[in-house]
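These notes are about the structure you will find just below.
The values are calculated or read from the model by the stated rules, or taken from the named source; none is laboratory data. If you're wondering where the values come from, they're calculated on a predicted model, not measured in any experiment. Here the Cβ positions follow ideal geometry from the backbone for every residue, glycine too, while neighbour counts run over all protein chains shown.
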C-alpha cells in the first residue's frame, strides 16, 4: 500500500509533477498570475517570466493555461519543450498549431517567408476580424534559439492602433534573460518582466498544509511541527520543488518508522542521510 493511503490521504501530496490542483499560490505566484492575465486581457504583447530551477514556473504555466482556457474569446497554444533545429521548424510548428496553411503549390516546400505570411493571415483573420485574443505560451523558453526568438520578434510586429494582435508569454530559467536582452528590438517589446522568488518561511507551512488538504488530509493534528517547517525552509531556501521532494521523503519516513509527527529531527536525519532525490 502506498504511504499516502496509510496516512489517510487520497493522493500523493508532494509529487513534483506540475498538477495545477496542487499548485500553491504564494504571493509571488498570485502576483504574476494576476499581471499576466491583465497583460493578456489588454493585449499588450510580450510578457517574460523568469525564475531559478524549482521555483514553480512549469506548474504556474499549467495553472495559467487552465485559467486562460476558460475564456471562449481566446485562442491559445502552449509549447512545453521548445527545442527546434531551425527557425523554419519553429514556424512550421506554429503554423500547424494554428491550422495556418501556407498558400503555395502542393509540390513546393514552404519557406520561412511562406510560414510567416500564413501566420500573419491567421492573426489578422482571427485576431482582428474575429476579435479573438491569440496567445502563445512557451515554457522552458531558455531552450529557444536566437533564430526562433527573432521569428517571435517578427510576429510581434503585427498590431492595430489599439492592441498587439499576438500575445506571447515566455517562461524560463534565468539564462533566458541574456538571450532576450541580446535582441534589442525584442527586449524593447516586453510589456511585463517578472522574476519569481522562492517562498518565505511562513509560506512553506502554507504550501505544505495546502498540498496535504488537496490530497485529502482531514486530521485536526498537523503532520509537520513548527520546528520541522523551519528546518525544511532552512534546507530548501523556499524552493517549491525542493520542499515537495523533502516532504515526500518525510512522509515515507513517518510511515516506515511508525512515527506520528514529523519534527526537526526527522528532517535533520533525512538531510544527513541525503535520502531525498537529487534536484535536476
Just checking, which of 229, 271 is surrounded by 14 or more Cβ atoms within 10 Å (Cβ to Cβ) and either modelled with pLDDT of 95 or more or in a loop (DSSP other than H, G, I, E, B) (or both)? 229
Taking the stretch 147-177 as the search range and keeping residues that are in a loop (DSSP other than H, G, I, E, B) and over 19 Å from the mean Cα position of the chain (by Cα), which one is surrounded by the fewest Cβ atoms within 10 Å (Cβ to Cβ)? 161
So residue 8 clears everything in (1) loosely packed, with under 15 Cβ neighbours inside 10 Å; (2) on the phi < 0 side of the Ramachandran plot except one condition, right? Which one? (2)
Can residue 30 be described as on the phi < 0 side of the Ramachandran plot, buried (at least 17 other Cβ atoms within 10 Å of the Cβ) and out of contact with any helix residue (DSSP H, G or I) (no Cβ under 7 Å at 6 or more places or on another chain)? no
Considering only the stretch 39-50, I want to know if a residue exists there that is under 11 Å from the mean Cα position of the chain (by Cα), in a strand (DSSP E or B) and either surrounded by fewer than 22 Cβ atoms within 10 Å (Cβ to Cβ) or not assigned by TED's automatic domain parsing to the domain that holds residue 163 (or both). yes
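Check whether at least one residue in the stretch 117-136 is without any contact (Cβ under 8 Å) to a residue 24 or more places away in the chain, under 30 Å from residue 29 (Cβ atoms) and surrounded by fewer than 19 Cβ atoms within 10 Å (Cβ to Cβ), and report yes or no. Break it down stepwise before answering.
Residues of the stretch 117-136 that are without any contact (Cβ under 8 Å) to a residue 24 or more places away in the chain, as a first pass: 117-118, 121, 125, 129-130.
Narrowing the set further to residues that are under 30 Å from residue 29 (Cβ atoms) leaves none.
No, the conditions are met nowhere in the stretch 117-136.
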Can you tell me which of 141, 65, 92 is at pLDDT 95 or above and under 19 Å from the mean Cα position of the chain (by Cα)? 141
